[in-house]
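Here's the structure we're looking at; comments come further down.
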Amino acid sequence: MTAVLECAHLVRTFGDLRAVEDVSLTIAPGETYGLLGPNGAGKTTTISMICGLLAPTAGTVRVLGREITPAASDAKAAIGLVPQDIALYPDLSARENLRFFGRLQGLRGAALEARIDETLDVVGLRDRAKDRIDTYSGGMKRRANIAVGMLHAPTLLVLDEPTVGVDPQSRNSILEAIANLGTAGMAVLYTTHYMEEAERLCDRIGIIDVGRLIAEGTRAELVAGLGSASRVTVRAEGTAPALEAWRAALATLPGVTVSATATGADLACADSTATVAAAFQRAGAHGVAISGVEVAAPDLESVFLHLTGKGLRDE
Ligand SMILES: Nc1ncnc2c1ncn2[C@@H]1O[C@H](COP(=O)(O)OP(=O)(O)OP(=O)(O)O)[C@@H](O)[C@H]1O
Ligand SMILES: [Mg+2]
């Protein structure tokens with residue numbers, strides 16, 4: 001089976017900055033792949049190379065076996081891009097926008113109208129199709145943006161953080177729309193810094209940090225790779241040196257990995273009862289006051305914390 005997307009050893013530098021460093025990834029037909037990473041990790045730079053908008057410093061991108069470069073315009077027809085910023089005409093309706101962009105893609109007449117109806121159904125905007133974009137909410141504009149990206153029925157749809165800055169309800173409809181794409185047989189590359197979105201939508205997830213793909217797999221594989229049964233989140237108060245000393249003392253416990261968080265520490269461990277007891281005992285010894293403890297199963301946030309020593313989001 002030919003992979004929809006094959007990136008091999010992609011590198012992109014900007015002057016001295018190595019924004020993307022040796023990224024290789026493959027997406028199968030119908031697969032939804034999540035590129036999960038914090039601000040500045042290199043997500044947009046990676047997908048700009050995948051979509052042929054930016055030349056790689058090194059490495060190759062192939063879509064359906066054909067190499068993508070900024071000059072290779074016909075191979076790019078297999079890709080639909082939904083950019084991070086809204087790219088729609090505000091004084092036109094959704095249908096008029098879709099007509100305009102559809103014609104640019106070479107669609108015409110009844111085939112174009114039918115495809116517009118289909119995409120409006122996927123993003124749940126059919127009943128608002130006649131309204132001008134400037135009367136839409138932020139979430140509706142993003143859904144209209146998604147409709148534009150998928151209008152020409154691309155084999156691979158690339159979405160760059162489509163839920164940033166939208167309210168929870170719109171976010172939910174965007175996620176539902178994207179889940180529909182997978183079931184329609186389209187391969188999807190989805191970038192996000194929200195681990196819940198990656199967990200909910202993606203068949204496979206690549207974790208990217210400082211330009212490098214540091215882990216890849218299904219959610220279950222990534223969490224299993226952590227090798228710990230529990231995630232213990234401790235909220236603690238104390239002076240910075242006291243907190244530092246307390247975390248260092250916890251890090252000496254066998255089978256416990258400690259990550260500093262803004263509010264205390266995040267511990268991956270095999271035995272949560274013993275770890276919670278040790279956290280309290282060592283807090284007393286180091287002049288740290290514990291104000292909350294939460295025990296949960298490890299998730300992608302734990303994976304990220306323990307691979308990078310920092311959280312996905314600034315808390
Ligand atoms: N055109 C450019 N010139 C110089 N530096 C750039 C350029 N584009 C991106 N960078 C840098 O490359 C790094 C990766 O940026 P990129 O936009 O790919 O990150 P991102 O993961 O998409 O982040 P975000 O979640 O904030 O969108 C950053 O340090 C950024 O400042
Ligand atoms: Mg980005």
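The values are calculated or read from the model by the stated rules, or taken from the named source; none is laboratory data. Just so it is clear, the structure is predicted and the values come from calculations on it, not from any experiment. Cβ sites come from the backbone with ideal geometry, for glycine too, and all protein chains shown count toward neighbours. Protein only, heavy atoms only, side chains kept; ligands, DNA and RNA dropped before computing areas. Shrake-Rupley method; radii C 1.70, N 1.55, O 1.52, S 1.80 Å.
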* Could you check Ala41 against (1) among the aliphatic types (A, V, I, L, M); (2) open to solvent by less than 30 Å² (accessible area, probe 1.4 Å); (3) over 21 Å from Pro162 (Cβ atoms); (4) within 16 Å of ligand 1 (Cβ to nearest atom) and say which number it fails? => (3)
* Could you check, for the range 227-249, whether at least one of its residues is within 21 Å of the chain's Cα centre (by Cα) and within 30 Å of Ala28 (Cα to Cα)? => no
* **Residue, nearest to the chain's Cα centre (by Cα), within the range 1-40, restricted to residues that are among the polar types (S, T, N, Q) and more than 16 Å from ligand 2 (Cβ to nearest atom)** => Thr32
* **All positions within the range 244-259 that are under 17 Å from Ser291 (Cα atoms) and open to solvent by 50 Å² or more (accessible area, probe 1.4 Å)** => Glu244
* What are the residue pairs meeting all of these: first residue in the range 5-21, first residue charged (D, E, K, R), second residue at pLDDT 95 or above and not in a strand (DSSP E or B), Cβ atoms under 6 Å, and 6 or more apart or on different chains? -> Arg12/Thr45; Arg12/Pro56; Arg12/Thr57; Arg18/Gly211; Glu21/Gly211
* To do: Specify the residue that is nearest to Leu300 (Cα to Cα); the eligible residues are those in the range 242-265 that are among the hydrophobic types (A, V, I, L, M, F, W, C) and touching a residue at least 40 places away in the same chain (Cβ under 8 Å).
  => Ala260
* **Criterion violated by Ile133 - all others in (1) open to solvent by 50 Å² or more (accessible area, probe 1.4 Å); (2) modelled with pLDDT of 95 or more; (3) of a type in the set (A, V, I, L, M) satisfied** => (1)
* Report yes if some residue within the range 263-271 is surrounded by 16 or more Cβ atoms within 10 Å (Cβ to Cβ) and closer than 26 Å to Leu25 by Cβ; otherwise report no. => yes
* For the range 248-313, which strands (runs of 3 or more DSSP E) that fit wholly inside it have 1 or more residues that are touching an Asp or Glu at 6+ places or on another chain (Cβ under 7 Å) and of a type outside the set (S, T, N, Q)? -> 289-296
* If you check Ser173 against the conditions, is it more than 16 Å from ligand 2 (Cβ to nearest atom), of a type in the set (Ser, Thr, Tyr) and buried (at least 19 other Cβ atoms within 10 Å of the Cβ)? -> no
* Asked: Picking from Thr60, Thr119, which residue would you name as being of a type in the set (Ser, Thr, Tyr), within 30 Å of Asp16 (Cβ to Cβ) and either open to solvent by 60 Å² or more (accessible area, probe 1.4 Å) or away from ligand 2 (no atom under 16 Å from the Cβ) (or both)?
  -> Thr60
* Structure fact -> Considering the range 67-96, residues that are closer than 20 Å to Ala28 by Cα and charged (D, E, K, R), and then whichever is modelled with the highest pLDDT, we arrive at Glu67
* Asked: Of all the residues that make up the range 56-66, how many are at pLDDT below 95 and within 16 Å of ligand 1 (Cβ to nearest atom)?
  -> 0
* To do: For Ser48, work out the one condition from (1) within 15 Å of the chain's Cα centre (by Cα); (2) touching a residue at least 60 places away in the same chain (Cβ under 8 Å) it doesn't fulfil.
  => (2)
* Asked: When residues of the range 270-297 are filtered for being farther than 14 Å from Glu237 by Cα, at pLDDT 90 or above and in contact with a strand residue (DSSP E or B) (Cβ under 8 Å, 6 or more places away or on another chain), how many remain?
  -> 6
* Residue satisfying all of: in the range 90-114; open to solvent by 50 Å² or more (accessible area, probe 1.4 Å), within 22 Å of Cys51 (Cα to Cα) and not small (Gly, Ala, Ser); nearest to the chain's Cα centre (by Cα) among these -> Gln105
* Criterion: at pLDDT below 90 and under 24 Å from Gly37 (Cβ atoms) - qualifying residue of Arg171, Arg142 -> Arg171
* Would you mind finding the one in Thr13, Thr26 that is within 13 Å of ligand 1 (Cβ to nearest atom), in a strand (DSSP E or B) and surrounded by fewer than 22 Cβ atoms within 10 Å (Cβ to Cβ)? => Thr13
